[in-house]
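See below for the structure under consideration.
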Amino acid sequence: MVPSESRPHHILVSRTIGVRVLFPAPTHCPMKFFAPHCEGWSRLRTLPLIFAFSALVASLGTVRAANEGTITGRIFSPASGEYLRNAQIRVDATGQVTTSEDGGTYRLSPIAAGPVTLIVTYTGFRPITTTVQVPAEGTVTRDFELISTLQAPASGATGPTQLAAFTVSTEREGNAKAIMDQRNSMNITNSVASDVFGDVAEGNVGEFLKHMPGVELDLTQGEVRTIRLRGLDSEYTQVTLDGVSLGSADANQGASGNARAFSFEQVSLASMESIEVSKTISADVDANAPAGTINLKTKRAFDRAGRRMSAQANLTAFSTRFNFEESYGPDDRLSRKIHPGGILDYSDVFFNKRLGVNLNVSESMAYSANARTTTTYNYTPTTADPRPAVITAINVLHAPRTNRRSTVNFTADFKASQRLVLSLTLLYNYADLNNPQRSLTFNTGARSTVIGTDPLINFTATTAGSVGNNPAAIVKLGQTMTVVPKFEYRAGHFLLEGKFAGSNSVSWYDPRGRRGSIRDAGGPAAAGVAYTAQRSSLRSVDWKIVQTGGPDIADGASFTNPTITIDDGRYAMTDVYSGELIASYRTTKLLPIAWKAGVKRRFEVRDFRLDTESLRFNLNGAPARGAYAAYKSPFDLRIIKIILFKHNLP
């Protein structure tokens with residue numbers, strides 16, 4: 001046998017240079033004008049023109065009269081202890097509007113000096129109206145605390161700028177945040193906040209995206225593997241972390257057309273603050289995402305007030321084994337089907353609120369079982385056998401599994417100055433899937449050998465029948481490591497943002513190294529088997545099969561020699577490196593306009609290996625049948641017989 005190895009490489013490099021000019025309307029439904037995508041770095045010479053044009057427009061809005069000033073502050077929710085973004089702050093007299101940004105900060109400028117009435121609104125909270133004295137050529141700071149509409153205002157209160165803390169449901173606050181995110185998004189976006197997630201033991205992101213409009217799921221044994229948007233295949237959907245591309249590898253896809261699709265096996269909800277699904281693309285979105293983009297926003301310490309530490313412990317159990325008793329599964333060892341898990345979340349600010357850190361660690365393991373019966377029919381009647389349909393095969397599959405997820409997420413934000421903020425995000429995901437599969441197929445042989453007056457419910461297969469046995473050990477592992485350094489430089493309404501990211505994702509199968517099992521035995525078969533099969537109705541799969549003749553299927557000596565695959569040779573690796581520099585400016589004179597220009601580059605490397613054939617061995621020089629009797633398999637035939645007669649056994 002000559003080992004074989006296939007190592008195709010796929011390299012993708014994409015570059016985008018774009019300009020966005022946004023004209024905000026009072027209804028927050030701005031018109032958008034995008035420059036076409038540029039192909040090649042030779043067009044970077046247009047970038048100075050873009051920034052020069054932006055600077056020229058910016059200068060029109062930065063000339064401040066001697067009798068004008070600035071209002072700044074933060075929007076805070078005492079109930080959740082979080083600073084709110086996307087709150088609307090409006091000048092009552094002029095209608096000038098701004099929205100709070102990350103960390104709840106807002107800025108109104110230029111504002112005529114003197115008393116100014118402000119109105120603060122946020123979905124699900126009481127509006128606040130207050131008067132601020134604006135100094136000429138100066139800055140005044142005014143913070144606001146919002147109170148839910150469910151709580152009555154304090155008795156005799158006249159000024160709503162200072163309110164007592166209260167308690168509301170986290171789900172309601174999460175919905176409010178999602179609504180405000182959607183209202184202020186420049187794209188067609190659906191958002192869901194982490195407050196709506198609730199207590200999630202396993203943390204599969206797809207479980208929460210499935211309820212959003214326009215989202216379709218690709219399932220593997222009941223677990224969300226990939227996601228499709230707007231009817232397009234999953235490879236046209238991009239998944240990002242705080243706006244930068246995430247690496248994703250799936251060894252099961254190899255070099256297939258769906259290999260570029262993002263797999264949610266290695267992603268956990270625990271470290272996410274919110275999820276945004278954008279169904280339109282703009283100049284600052286990679287061109288490989290025509291279906292849309294799913295952006296995972298991480299938790300940041302500056303979005304919270306003070307120190308916060310929370311710990312959660314949970315138990316995940318299978319519905320039919322909701323106890324501490326041991327039973328077989330997913331392999332041939334006795335084990336409990338209830339598994340512990342937990343989430344630890346810590347955030348704090350240091351150095352006079354200049355440094356904020358957030359650490360999130362989560363661990364989960366869940367057991368589930370997939371039992372499936374497939375019946376194959378022959379719909380071609382003959383002169384000798386005019387029956388319209390005859391069963392030709394019954395396949396029983398039992399595939400229990402354990403799925404373990406581990407996630408560590410660390411974010412740090414440092415205010416180097418009043419204008420410059422440096423940030424770092426580190427994300428590590430690990431997944432371990434143990435999925436032994438036991439498959440047994442009863443073949444009836446030729447159509448004429450199937451005997452019975454109603455063969456779709458009750459029939460007898462003569463000695464022309466056969467039984468195939470194909471146990472397989474599926475042990476899939478994966479890990480993803482992502483590093484995202486970032487900086488923000490803000491001067492008034494001007495913002496310069498730089499992001500750089502590196503993401504490495506690896507997926508591989510290793511049944512022998514992790515579980516001490518071979519991959520499969522190649523499907524040994526026992527020929528000349530006679531049996532009877534009976535079920536209760538056409539729509540039922542409660543087959544009861546009894547052997548009536550031929551070699552004993554409970555004896556391995558009755559089967560042909562196995563073709564043993566000693567290990568699984570599937571492997572995939574993805575490296576994604578990206579960087580972007582984006583400048584934006586908001587003018588408020590005359591017609592409010594948001595100007596945005598930038599450049600980005602993405603470099604991607606994919607590596608696939610398929611060594612399975614080089615790990616397959618045949619037993620030569622032995623009798624054609626009988627060698628299977630001496631082969632010790634982790635998946636015993638006796639267990640398959642039990643599943644056959646009671647296939648719903650977990």
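Reachable aspartates and glutamates from residue 499, Cα under 13 Å, same-chain residues fewer than 8 places away excluded? List returned: 242, 284, 488, 580.
Within the shell of other residues whose beta carbon sits under 11 angstrom from the beta carbon of residue 129, the net charge comes to +1, with Lys and Arg scored +1 and Asp and Glu -1. Of the peptides 534-545, 378-389, the ranking by mean beta-carbon count within 10 Å, highest at the top, reads 534-545, 378-389.
Ranking 264, 324, 617 by solvent-accessible area of protein heavy atoms (1.4 Å probe, all protein chains present), from largest to smallest, gives 324, 617, 264.
Across the alpha-carbon set of the range 536-584, the Rg to Rh ratio works out to 1.46, Rh being the Kirkwood radius.
Considering only 378, 346, 320, the residue lying farthest towards the positive end of the dipole of the range 311-405 is 346, judged by Cα position with unit charges set on Cβ.
Using the Cβ of residue 448 as centre and a radius below 13 Å, the other residues enclosed give a net charge of +1, where K and R count +1 and D and E count -1.
Semi-axis lengths, largest first, of the ellipsoid equivalent to the range 86-134 are 18, 13, 9 Å, with √(5λ) applied to each eigenvalue of the Cα gyration tensor.
Structure note, pairs 210/353; 415/476; 279/476; 279/337; 210/299; 210/297: Cα-Cα distances above 30 angstrom occur for 210/353; 415/476; 279/476; 279/337.
Summing charges over neighbours of residue 272, with a neighbour being any other residue whose Cβ is under 9 Å away from its Cβ, gives +1 when K and R count +1 and D and E count -1. Legend: residues 339, 398, sorted from most to least accessible area (1.4 Å probe; ligands, DNA and RNA excluded), read 339, 398.
Per residue Cα convex hull volume for the range 222-372, in cubic angstrom?
Convex hull volume per residue, Cα atoms: 173 Å³.
Exposure check, 1.4 Å probe, all protein chains in place: residue 420 carries approximately 50 Å² of accessible surface. Equivalent ellipsoid of the range 331-431: semi-axes from √(5λ) of the C-alpha gyration tensor, largest first, are 59, 19, 7 Å.
Of the residues 77, 584, ranked by 1.4 Å probe accessible area with the largest first, the sequence reads 584, 77. At a probe radius of 1.4 angstrom, the accessible area of the range 547-604 per residue rounds to 39 square angstrom. Dipole of the range 211-288 computed with +1 at Lys/Arg Cβ and -1 at Asp/Glu Cβ about the Cα centre; of 227, 271, 239, farthest Cα towards the positive end is 227.
The values are calculated or read from the model by the stated rules, or taken from the named source; none is laboratory data. What you see is a predicted model, and the numbers here were worked out from it, not measured in a lab. Ideal geometry is used to build each Cβ from the backbone, glycine not excepted, and the neighbour counts take in all protein chains shown. In case anyone asks, the SASA skips ligands and DNA or RNA and just uses the protein heavy atoms, side chains included. Shrake-Rupley method; radii C 1.70, N 1.55, O 1.52, S 1.80 Å.
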